[in-house]
Amino acid sequence: MTDLIIILILDVIVTWSFYIFLKPINQELALLASWLRLTYAVILGIGILNLLFVLLLSNNVPVTDQLQENITFYLEAFEMIWAVGLIVFGLHLFIVGWITFQTNSIPKIISILLVIAAVGYLGIHVCKTLLIDQNIITTIELIFNMPMIAGELGFGLWLLFKGGKVIKKF
């Protein structure tokens, strides 16, 4: 649970950083992307509360059928809430991909991978919230996992090593 709280805090920091970085390219879309990312963070925070309930329920109490049902309920609630949050995150990622496509300073392959990753997030988590057959979800995950990783990691690495750097001309 601590790791999710750290992710939540980092998401707020990244939201602000992305807005500052993307604002010169397209201020309106950068603001929309920021609001979507903050909305995702709020939804994640609500989901984390369910994990806190599990922790509180399982604190030094005898295991009963009712306890197991309650814990299962809160764990499933977390999964469903997080899936909804990841739909919002997918929308955020689509907007970020679209913004980055509008500039020549960011490689187009990164923008394309971000949009593909967004489609992956949307497809996977819409299916999860609609309780679509797990085999379909697994297939979508297999198709989109590599582009999702490549898009997010590629953009992160590009930001780390190239983004925001001023090129000096001599």
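The values are calculated or read from the model by the stated rules, or taken from the named source; none is laboratory data. Quick caveat: nothing in here was measured; it's all calculated off a predicted structure. Reconstructed Cβ throughout: ideal geometry from the backbone, glycine too, with neighbour counts over all protein chains shown. When the accessible area is computed, the model is the full protein with side chains, heavy atoms only, and any ligands, DNA or RNA have been set aside. Shrake-Rupley method; radii C 1.70, N 1.55, O 1.52, S 1.80 Å.
The convex hull around the C-alpha trace of region 80-154, projected and averaged over every direction, spans 4.5 square nanometres. Note on the chain: with neighbouring protein chains present and a 1.4 Å probe, carbon and sulfur make up 72 percent of its accessible heavy-atom surface.
Placing +1 on the Cβ of every Lys and Arg and -1 on the Cβ of every Asp and Glu, with nothing else charged, gives the chain a dipole about its Cα centre of roughly 1200 debye. Note on K162: accessible area approximately 130 square angstrom, rounded to 10, probe 1.4 Å, nucleic acids and ligands left out.
For helix 27-57, what angle does its Cα long axis make with the longest principal axis of the chain, in degrees from 0 to 90 and rounded to 10? The angle comes out at about 20 degrees.
Using heavy-atom solvent-accessible surface (probe 1.4 Å) with all chains present, what is the largest-first order of S111, S58?
S58, S111
Listed options for Cα extents along the principal axes in Å are [x] 41, 41, 26; [y] 73, 32, 26; [z] 45, 44, 42. The value calculated from this structure is the one marked [y]. Mind pulling the angle between the C-alpha long axis of helix 2-22 and the longest principal axis of the chain? Nearest 10 degrees, somewhere in 0 to 90. Roughly 20 degrees between the two axes.
Accessible surface computed residue by residue for the chain, with neighbouring protein chains in place and a 1.4 Å probe, gives 61 Å² per residue.
Calculate how steeply helix 134-161 sits against the longest principal axis of the alpha-carbon atoms of the chain, using the helix alpha-carbon long axis, and give the answer as 0 to 90 degrees to the nearest 10. Long axis of 134-161 versus the principal axis of the chain: about 40 degrees.
The order of T103, T2 by accessible area, most exposed first and with a 1.4 Å probe, is T2, T103.
Computed from backbone phi with θ = phi - 60° and the Karplus coefficients 6.51, -1.76 and 1.60, the 3J(HN,Hα) list for region 92-108 is 4, 5, 4, 5, 4, x, 5, 4, 5, 5, 7, 10, 8, 7, 10, x, 4 Hz; x is used for glycine and proline. M1 sits with roughly 80 Å² accessible to a 1.4 Å probe, with DNA, RNA and ligands left out of the calculation.
The distance from the alpha carbon centre of region 125-166 to that of region 88-108 is 13 Å, rounded to a whole number.
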